[in-house]
Amino acid sequence: MKNNDLPRDAVRFPSVNDSIDRHGNGYRRRDFLKIIGTAAGAAGLVSVGVSVAPEKAQAFAYEPYYTDDQLTTVVTSCAHNCGSRHVLVAHKKGDVIVRLSTDNGEYQAGGAYGKDTFEEPQLRACLRGRSYRARLYSPERLLYPMKRVGARGEHKFKRITWDEALNEIAQKMVQLKKDFGPTAILDQSYAGASYGVLHKSDQIEGLLGRFLGMFGCRTNSWSVPSYQGTTFSSRMTFGTIQDGNEDDAFAHSKLIIMWGWNPAYTFHGGNTFYYMRMAKQRGCKFVLVDPQYTDSAAVYDAWWIPIKPNTDAAMMAAMAYHIFTNNWQDQKFINKFVLGMDAGTLPKEFAGKENFKDYILGTYDKQPKTPEWAEPICGVKADDIKKLAEMYARTKPAALKASWSPGRASYGEQYNRMAAALQAMTGNIGILGGCAEGVGKAWHSESVAYPYDENANLWWASIKSDRWAHCVLNYPNVKREEVGLWPREDNLDGQIPNIKAIFWQGSDWFNQLTNINKEIKAIDKLELVVCMDSTITPSGIWADYLLPIATHFERHDVALPWYKGHYYIHRPKVIEPLGESKTDFQVFTEMCYRLEQIDPSLKNLGQRYNPRAQRDYFQNPDAVDEAYLKAWWDGSVQHHQHVTMSWDEFKQHGTYKFKLSEPHVAFRDQVTKGVPFETASGKIEIFSTYLAGIEDWTKTQFGYEIPYIPKWIEPFESLNHPITKDYPFHLISPHPRWRTHSIFNNIPWLRETYEQEVTINASDAKKLGILTGDTVEVWNERGKCVVPAYVTERLLPGVLVLFEGAWMDPDKDGVDRAGNPDFLTLDNPSPAGAFAYNNAMVQIRKTDLVHRPGWDDLAVARSSVFRRDM
Ligand SMILES: Nc1nc2c(c(=O)[nH]1)N[C@H]1C(S)=C(S)[C@@H](COP(=O)(O)OP(=O)(O)OC[C@H]3O[C@@H](n4cnc5c(=O)[nH]c(N)nc54)[C@H](O)[C@@H]3O)O[C@H]1N2
Ligand SMILES: Nc1nc2c(c(=O)[nH]1)N[C@H]1C(S)=C(S)[C@@H](COP(=O)(O)OP(=O)(O)OC[C@H]3O[C@@H](n4cnc5c(=O)[nH]c(N)nc54)[C@H](O)[C@@H]3O)O[C@H]1N2
Ligand code: SF4
Ligand SMILES: [Mo]
C-alpha cells in the first residue's frame, strides 16, 4: 500500500501535509501505523471504508458550492472539555456535513437564542468549534477496531472485528479480576465528553466508572488535573464548588483582577469577554497578575503585574497584611460570616489554635508577611503589592477572579485558599460585581439521564490520578501516602492496588498527565490497555485495543454548559456514525452482555447496566437513547427544574435558556437571607474545622499534613530554589487557544493560526543566542522536548511558556520532538491532590534536533490506513 493511494471515493480532508512547514524543516516520511494483516468484515458486521457515497463526498470538497437552501440545517453543539458550550449549526447534503456555522439568530425555531442582547446574547462558537468538520473527517479518524501487533508504542496495529475485540477484552477482564482482584483495572476516563446528559466520559459520573464498578474491578483516579487544589480550597472554605457567578455579573464589577486568568485564550464560560467588555465600557479597571502579558490584558488595558510562578500565595498574604494593618478589612462581614479570620472569629472549641490574621501578622512564626517580605519571593515590588491591596480593599464591588492555573502546582490549594481569604476579608462574597471563585461552578444542571444512583461510583481502591505510574512501578513497595490512597471502611483499607490494566475513555491521559517518561516505563508492566476514542491519539498508540467511538455528531444527546451558562442545547444525531464507530454506551452495554456469559456471577449485567435497552442495542441504539433523554427531560428538567417546554418542543427549538430575574451570584442567599454556608460551621471557613480535626494524616487520602488556615508554603521547585543552578528557568504550561488540550492538534486550519512554540523573554533569549523561529531543546532530569522558540517582552525573565496538549512524538532516544511539556512536569504528590503541572524547572538551548509539529508527514499514510476498505 502506497502512502497516498487513497480510495477514490474517500472523503479526503486536506491534511497538515498540505500546509506549509514554516520552519523549513521538511517533511519526514515514516511508516506510521504499519498494518500487519487485515481482517475484513466479520460475520454480521459490515466493513466500510467511509460511510459516504462518492457523489456525496464531492460535496465535502466544496464542489459544487451548495447554497444554504440546498442543504439541511441542524442545530447542535460541541461536547468537549473546552471551557464553554456553544451552538454549532451543521449544514448537510445527504449524510455529509458540508458546512458548519454558528448562532446568528436564524436557526432556532422560536429563537431562544440569537437576540444578541445583554440578556440573551448569542452562543457563538470559537475557532475550534467552527473547524470541527475538519476533525470529524480528519485522516486521523479511527474507523475500525484495531489490535496491537508490535510492542507498545511501536505503532503496529491490525484491523479486527468488533466481535473479536469485545470478546478478547471481556475474556481478559475476567481473567485479570480473578488473578489480581478487584483493583486490577485502572479507570482513566476523563472529561473528553463530560458535558453531555447521556454519553458521558467522566471520573465520577462517567460511563466507564459505572461499567467497571458493576463488573466489580476498578481502581479509581481521584484527583482532577484541572483544579484539584482549587476544588479542595472551595470545599474547605465554602463547603461546595458552586462558588461561581454567571458571567453577566462581571459587567457590574468596578475592578476585575485577572489572577492567572486569560479568558481571551482559555475559555471559562460562554460570553465572558462580552460581559467584561460591558464592564470596561462602564469604567471598570482591570489588573492582571500573571508571568505573561496576555491578550486579555492587552484588550482590557490591564495593569500587568508580572509574578514569579507558584509564588502567588506569598503575594496574597502580603496583600492581606497591608489590608489588616491599614484596617481596610470589612470587619462587619467578617464578624457575621467568616470563621477563623481573626482571634474574634475563632470559636471557643478551637481556642489555642492559629487564626489567619495572627498568622499574617507573624504572631506565631515571628515573620510578619509584609510586602517587603513577599517582594523577593514573588518578584513583585512591595509598593505594587500595597497599591493592589489598596485598590482591591477600597473599590467595591471588586472581582478577584483567582483562576485555576496558579493552583495547578504543588500546594496550589494554598493559593486558592489565600484568594478566598482576600475575597472574604473585603466582603466581596455574595454581592453583585464581587467574586468568590474558586472553582466557579455557577450553573446547577440536572445532569444525568440514566440510573446513576444505582452503582454510580463503585471502586475498590482510589489513588491520585497522576501517581498510577509510581504505583505500578513500585508495587507492592508503595506507601499509601505516596499514591494518595483513599481510606475505606473495610478490609481493603490501606491495600495498594495491583494495577494490571488501563481503560481510556474520553481521555488522552497518557499524553496529558505528568512525567510521561515514567508512564512509558510503567505501561510495559500492564497486561491490558484499551483506548476508546473517535481519533487515533498519542495515548492510543500505546494501547492494545483501539475501539472507534462515534462523535457527538453521530449520536443523540443534550449538551450541558461548562460550569457557567444556564441553558441546554439539543444535540441530535446529525449524521450516521462513520466507519464502524459505536457510542461508548453501546460498547459498554455490549461488553456487559458478553461478560455475563463468561462469568455467571455477573447475571443480568447487560440489563442492569442499560435497563432500557434490549440485546440488540449495539445495532439499534436510537430509540433507547431517545427514551433516556425524554425521561430525563420529563423528570429532571420539567419536574425538578419546573420547565414547561415539552421535549418535542425543545428538540424543535434546539436550545432552552433559563431566564433569571437577576444575575446569578454565588452565596447571595447566604449573605442577604442568612442561609448558612455549606460548611460544618455554616460560615466561610478560613479556618477549616475539618482539617483542624485530622489527627493521622497518613490515613487520609492527602497523605501529608495540610494547614487548617491558608499559609505560604514553598513549592517543590521554583525560581527561589537551589535547583536553579542546573535548571534556571521555570516552565509553565497553560491551555492553548487553538486546541482543547490535545483535541484539534491535527487540524490544519487551526495549525495555520498558531504553532507549538516555547515563549522566552528577550533578555534571556539574547544571552542564549536564541531568535524567534530557532529550534530549541528544553529539558530537565525527567525528559527533553524539541520545539521552536518565540522571543517576546511579554513574559517575565526566567519563565518559559509551553502550551499543554501537543501530540507527543518521542524519538528513539525518548526525546519528544513535538514539544509536549508533560515530558518535563513533576508527578510528585502534592498533599491536597493538586497536579504540579506549572511547577517544573528546566534548561533551554539551541539545537540541531528537528521539531516535528505533530505527526504532520504521517497524516496521508494514516488516512489510507483508516479509510481503506481492507
Ligand atoms: N502540562 C500540562 N498538562 C496538562 C494541563 C496543564 O495545564 N499543563 N492541563 C490538564 C487539564 S486541566 C486537563 S482537563 C487534562 C485534559 O486531558 P484529557 O482529558 O486527556 O485531554 P483531551 O485532549 O481533552 O482528551 C480527551 C480525549 O477524549 C476523546 N473523546 C472526546 N469525546 C469522546 C467520547 O464521546 N468518547 C470517547 N471515548 N472519547 C472521546 C477525544 O478525542 C480526546 O482524545 O490535561 C491536563 N494536562
Ligand atoms: N482554549 C481553551 N480553553 C480551555 C481549555 C483548553 O484546552 N483550550 N481547557 C479548559 C480546561 S479543562 C481548564 S482546566 C481551564 C484552565 O483554565 P486556567 O487554569 O485558567 O488556564 P491556563 O491557560 O492554564 O492559565 C491561565 C493563565 O495563568 C497563568 N499562570 C500560569 N502559572 C501561573 C502562576 O503560577 N501564577 C500566576 N499568577 N499565573 C500563572 C498563565 O500564564 C495563563 O495566562 O481552561 C478551559 N478552557
Ligand atoms: S468554546 Fe468549546 S463549545 Fe464553544 S465553540 Fe469552542 S470548542 Fe465548541
Ligand atoms: Mo482541565
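The values are calculated or read from the model by the stated rules, or taken from the named source; none is laboratory data. No experiment lies behind these values; they were computed from the predicted model shown. Please note: Cβ atoms are built from the backbone with ideal geometry, for glycine as well, and neighbour counts cover all protein chains shown. Just so you know, the surface numbers come from the protein's heavy atoms only, side chains and all, with ligands and any DNA or RNA stripped out. Shrake-Rupley method; radii C 1.70, N 1.55, O 1.52, S 1.80 Å.
General observations
- Global form of segment 722-857, assessed from the alpha-carbon gyration tensor, a/c cut-off 1.5: rounded
- Pairs beyond 19 Å (Cα-Cα), from Lys280/Lys564; Lys464/Lys582; Lys93/Lys651; Lys156/Lys812: Lys280/Lys564; Lys464/Lys582; Lys93/Lys651
- Taking the Cα centre of segment 140-243 as reference, the dipole from Cβ charges on Lys and Arg (+1) and Asp and Glu (-1) amounts to some 340 debye.
- Ranking Asn428, Phe585, Asn310 by Cα position along the charge dipole of the chain, where only Lys, Arg, Asp and Glu carry charges on their C-beta atoms, puts Asn310 farthest toward the positive end.
- Surface listing: Glu554, Glu489 arranged by accessible area from highest to lowest gives Glu489, Glu554, probe 1.4 Å.
- The overall shape of segment 119-185 is prolate: from the C-alpha gyration tensor, with semi-axes ordered a ≥ b ≥ c, the ratio a/c is 1.5 or greater and a/b exceeds b/c.
- The angle separating the long axis of helix 412-425 from the principal Cα axis of greatest extent in the chain is about 50 degrees.
- Heavy-atom accessible surface of Cys785, to the nearest 10 Å², is about 0 Å², with a 1.4 Å probe and all protein chains retained.
- Simple rule: put +1 on each Lys or Arg Cβ and -1 on each Asp or Glu Cβ in the chain, find the dipole, and look at Ser681, Leu560, Val75; the Cα lying farthest toward the positive end is Val75.
- Between segment 585-632 and segment 197-243, the Cα center-to-center distance that results, in Å: 23
- When Lys812, Lys93, Lys603, Lys387 are compared by accessible area of protein heavy atoms, the largest-first order is Lys812, Lys603, Lys387, Lys93, using a 1.4 Å probe.
- Solvent exposure ordering (accessible area, 1.4 Å, most first) of His80, His735, His642: His642, His735, His80
- Under 22 Å of direct C-alpha separation, and excluding same-chain neighbours fewer than eight residues apart, Lys603 reaches these lysines: Lys172, Lys177, Lys178.
- Charging the Cβ of each Asp and Glu at -1 and of each Lys and Arg at +1, and nothing else, the dipole of the chain about its Cα centre rounds to 600 debye.
- Over segment 658-798, the alpha carbon radius of gyration divided by the compact-protein estimate 2.2 N^0.38 Å works out to 1.61.
- For segment 219-296, diffusion coefficient by Stokes-Einstein and Kirkwood Rh (Cα), 4 °C, 1.567 mPa s, µm²/s: 91
- Here segment 722-857 is treated with +1 on each Lys and Arg Cβ and -1 on each Asp and Glu Cβ, and its dipole about the Cα centre works out to around 320 debye.
- Degrees separating the helix 312-325 axis from the principal Cα axis of the chain, which is the longest one: 30
- Global form of segment 571-659, assessed from the alpha-carbon gyration tensor, a/c cut-off 1.5: oblate
- Rounded to the nearest 10 Å², the accessible area of Trp486 at probe 1.4 Å: 90
- Rg and Dmax of the chain, both derived from C-alpha coordinates alone, stand at 26.6, 80 Å.
- Antiparallel bridges, percent of DSSP beta bridges restricted to the chain (to nearest 5): 55
- Among the protein heavy atoms, those of Glu714 account for about 100 Å² of accessible surface (1.4 Å probe, every chain in place).
- Segment 722-857 - share of DSSP beta bridges that are antiparallel (%, nearest 5): 70
- Inter-label distance for Ala456 and Thr724, nm, one decimal - labels placed 7 Å from Cα along Cα-to-Cβ: 4.7
- For Leu186, distant residues with modelled amide H under 5 Å away: Thr219, Lys500, Ala501, Ile502, Phe503
- The C-alpha atoms of segment 351-431 occupy a region whose extents along the principal axes are 34, 34, 29 Å, arranged from largest to smallest.
- One Cα centroid belongs to segment 745-789, the other to segment 262-299; the line between them spans 26 Å.
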